[in-house]
Amino acid sequence: MKLLSVQVGRPRIVRWHGKAVSTGIYKEPVVGRLQLQLFNLKGDEQADLTVHGGREKAVYVYPSEHYPFWRKEYPDLPFQHGWFGENFTVEGLDERTVCIGDQFRIGGALVVVTQPRMPCFKLGIRLGKPDAVKRFHASGRCGFYLGVLQEGEVGSGDLWEQVARGNEQMTVLESYRLMTQ
């Protein structure tokens, strides 16, 4: 279980169906180590704090193993880490095996898995595909959010050490399916 890439971004205004929309979904990989803070990664911002960021959604994680699927779905897109708005692109962790409440040490930080990501229309903006949210839901490849239990520095290449299992042992995918029924 490894942190392959760390991404941050700041909100920007984009045009969508003739309207100006503020979004923080555009994330770019960073070099070096960053401070993982209680509410987000240093240098990262969210456009709508009512649905992103905060204690329960400080970091969005997306498995690298999902990228080949999306390259087949949308062969015209030049996918790279961060394209789904994730802060962490990881290897060896996915929605079928990670449980809500699982705790991990990553670099100098301690985190807890809090919930699956529920995508909004801004995913369609990022991908330039109006059907992206529908396909995202159907795929079950949602990724998950982390809460920060202990701040610390993190960086690409850090290994994830599981230090506790969630009490309910409900996987992220099971939680996602319940939320999208």
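The values are calculated or read from the model by the stated rules, or taken from the named source; none is laboratory data. Only a predicted model underlies this, so the values are computations on that prediction, with no experimental measurement involved. Heads up, the Cβs are rebuilt from the backbone with ideal geometry, glycines too, and the neighbour counts pull from every protein chain shown.
Restricting to the range 119-144, what's the tally of residues that are modelled with pLDDT of 90 or more, surrounded by fewer than 20 Cβ atoms within 10 Å (Cβ to Cβ) and part of a loop (DSSP other than H, G, I, E, B)?
4
I need every pair where a residue in the range 91-119 that is under 18 Å from residue 39 (Cα atoms) and aromatic (Phe, Trp, Tyr) has its Cβ under 6 Å from the Cβ of a residue that is modelled with pLDDT of 95 or more and surrounded by fewer than 18 Cβ atoms within 10 Å (Cβ to Cβ), sequence separation at least 6 or different chains.
Once the first residue is under 18 Å from residue 39 (Cα atoms) and aromatic (Phe, Trp, Tyr) and sits in the range 91-119, its partners that are modelled with pLDDT of 95 or more and surrounded by fewer than 18 Cβ atoms within 10 Å (Cβ to Cβ) give 104/162.
Among the basic types (Lys, Arg), farther than 30 Å from residue 18 by Cα, at pLDDT below 95 and part of a helix (DSSP H, G or I), is that true of residue 177?
It is true that residue 177 is among the basic types (Lys, Arg), farther than 30 Å from residue 18 by Cα, at pLDDT below 95 and part of a helix (DSSP H, G or I).
Of these, 91, 56, 86, 65, which one is at pLDDT below 95, among the acidic types (Asp, Glu) and within 17 Å of the chain's Cα centre (by Cα)?
None of the others qualify; the one that does is 56.
Which ones in the range 71-90 are out of contact with any helix residue (DSSP H, G or I) (no Cβ under 8 Å at 6 or more places or on another chain) and either among the charged types (D, E, K, R) or touching a residue at least 12 places away in the same chain (Cβ under 8 Å) (or both)?
71, 72, 76, 80, 82, 86, 87, 88
Picking from 34, 49, which residue would you name as being of a type in the set (A, V, I, L, M, F, W, C) and at pLDDT 95 or above?
Going through 34, 49 in turn, just one is of a type in the set (A, V, I, L, M, F, W, C) and at pLDDT 95 or above: 34.
Have a look at 131, 158 and point out the one that is touching a residue at least 24 places away in the same chain (Cβ under 8 Å) and either out of contact with any helix residue (DSSP H, G or I) (no Cβ under 9 Å at 6 or more places or on another chain) or among the acidic types (Asp, Glu) (or both).
From the options 131, 158, the qualifying one is 158.
Look through 102, 94 and report the one residue that is closer than 18 Å to residue 67 by Cβ, buried (at least 19 other Cβ atoms within 10 Å of the Cβ) and of a type outside the set (A, V, I, L, M, F, W, C).
Result: 94 is the single residue among 102, 94 that is closer than 18 Å to residue 67 by Cβ, buried (at least 19 other Cβ atoms within 10 Å of the Cβ) and of a type outside the set (A, V, I, L, M, F, W, C).
Would you point out the residue of the range 104-162, among those that are farther than 17 Å from residue 73 by Cβ and small (Gly, Ala, Ser), that is nearest to the chain's Cα centre (by Cα)?
Result: 147.
Quick one: which of 31, 21 is surrounded by fewer than 14 Cβ atoms within 10 Å (Cβ to Cβ) and of a type outside the set (D, E, K, R)?
The unique qualifying residue is 31.
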